[in-house]
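S.K.: Structure incoming, see below.
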Amino acid sequence: MRTFKTYDKGDPLPDDYKKALLNLMAFQADSEYAGGQRVAENMQYAPRPEEAYRLSKKVMEEFGHAYYVWSLMAELGVDVDARLRELVEHPDNPDPKKVNVINGFRRENWAPMFKDWKDVGLFSTIVTPAAVAFLGQYRECSYLPWARVNVRIHKEEHGHLAFGVWASKRCIELGGEAAREDMQSRVPKFMRMGLGFYGRPSAGDKRSEMFDIYYEYGIKVRRPEELQAEYMELVEARLEEVGLEMPRDVEPDYDMRVGYAMDPVAAE
């Protein structure tokens, strides 16, 4: 079993470790808030009050995830109020020098993926398993305050996955075989984002330049290949539960996963 040094609240952090840690924490917190903004926009597709209510709960929890992580960043000297202001004042296109948001949560990339409630259900069914796997690793990371926060976040992400299964099944129950066939045809577009969510491979030509740094410090504790295996197992089980089949040979869309700037210079 791999071992690494851990740090708790108030412990002095080595400069390089702190930069790498804050880069990933900012990526999570800023993206959680932007994700909440995007999910709130999908309220326009809610066909009934119950669907609207359940989606609103997900919106609240996404904002909560941002708050939890931002609070930890504030303790480490980061001006998180400025990050919030940037996202509130420029929700469609926040400044990449001020916040670090997953590309898939930029409105220009998000909005085209959705045209009705079926897409809303499928997103939480197919993409959320990637968040469950990816964020789940932080429960065992070397910065213990962040690890503890992600225990709660991980549980709520499982709830978002359950929402997706419920919403997707309801679409098929009310829309019949025509709805099921329509939804089946949409599965690949969401799988592309899900497969790319946890980052590029840890080895080879497409490897992430930052992964080795995160992994050495124990900030990331699992390799992308391990996360992919967990994702595939989760998504196949959920699709089967909904009554859909998992397509094969879907290529990851890494561009939807990548932040504006995930490199040592940006960490400064």
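S.K.: So ALA52 clears everything in (1) under 30 Å from TYR217 (Cα atoms); (2) surrounded by fewer than 22 Cβ atoms within 10 Å (Cβ to Cβ); (3) small (Gly, Ala, Ser) except one condition, right? Which one?
M.R.: The single condition ALA52 does not satisfy is (1).
S.K.: Now, a different point. Check ARG192, ARG180, ARG170 and return the single one that is touching a residue at least 40 places away in the same chain (Cβ under 8 Å), over 12 Å from TRP117 (Cβ atoms) and more than 23 Å from the chain's Cα centre (by Cα).
M.R.: Checking each option against the conditions leaves just ARG180.
S.K.: From the residues in the range 87-135 that are among the small types (Gly, Ala, Ser) and surrounded by 20 or more Cβ atoms within 10 Å (Cβ to Cβ), which one is nearest to MET73 (Cα to Cα)?
M.R.: That would be ALA131.
S.K.: Going through the range 190-231 one residue at a time, which ones are surrounded by fewer than 17 Cβ atoms within 10 Å (Cβ to Cβ) and at pLDDT 90 or above?
M.R.: GLU216, GLU226, ALA229
S.K.: Moving on to the next point. Can you find a residue that is outside any loop (DSSP other than H, G, I, E, B) and of a type in the set (Lys, Arg) anywhere in the range 11-23?
M.R.: The answer is yes; a qualifying residue exists.
S.K.: May I ask you to list pairs of residues, at least six apart or on different chains, whose Cβ atoms are under 6 Å apart, with the first in the range 230-255 being of a type outside the set (D, E, K, R) and the second being not in a helix (DSSP H, G or I)?
M.R.: LEU239/MET246; TYR254/ARG200
S.K.: Looking at (1) under 29 Å from TYR215 (Cα atoms); (2) more than 19 Å from the chain's Cα centre (by Cα), can you tell me which one GLY64 breaks?
M.R.: Unmet condition: (2).
S.K.: Another question about this same structure. Would you check which residues across the range 140-167 are closer than 30 Å to ASP16 by Cβ, free of Cβ contacts under 8 Å to residues at least 12 places away in the same chain and not hydrophobic (A, V, I, L, M, F, W, C) and list them?
M.R.: If the condition is that a residue be closer than 30 Å to ASP16 by Cβ, free of Cβ contacts under 8 Å to residues at least 12 places away in the same chain and not hydrophobic (A, V, I, L, M, F, W, C), then ARG148 is the only one that fits.
S.K.: Looking at the range 41-56 only, could you name the residues that are of a type in the set (D, E, K, R) and free of Cβ contacts under 8 Å to residues at least 60 places away in the same chain?
M.R.: Once the filter is applied, which keeps residues that are of a type in the set (D, E, K, R) and free of Cβ contacts under 8 Å to residues at least 60 places away in the same chain, the range 41-56 yields ARG48, GLU50.
S.K.: Also, quick follow-up: If you go through the range 72-87 one residue at a time, do you hit one that is touching a residue at least 40 places away in the same chain (Cβ under 8 Å), β-branched (Val, Ile, Thr) and not in a loop (DSSP other than H, G, I, E, B)?
M.R.: So far as the range 72-87 goes, yes, one or more of its residues are touching a residue at least 40 places away in the same chain (Cβ under 8 Å), β-branched (Val, Ile, Thr) and not in a loop (DSSP other than H, G, I, E, B).
Residues are listed down the side, and each one gets a yes or a no for (1) within 16 Å of PHE27 (Cβ to Cβ); (2) not polar (S, T, N, Q):
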residue	(1), (2)
ASN42	no, no
GLU50	no, yes
HIS65	yes, yes
GLY77	no, yes
LYS97	yes, yes
TRP110	no, yes
ALA130	yes, yes
LEU135	yes, yes
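The values are calculated or read from the model by the stated rules, or taken from the named source; none is laboratory data. Note that the coordinates shown come from a computational prediction; the quantities given were computed from them, not determined experimentally. Cβ sites come from the backbone with ideal geometry, for glycine too, and all protein chains shown count toward neighbours.
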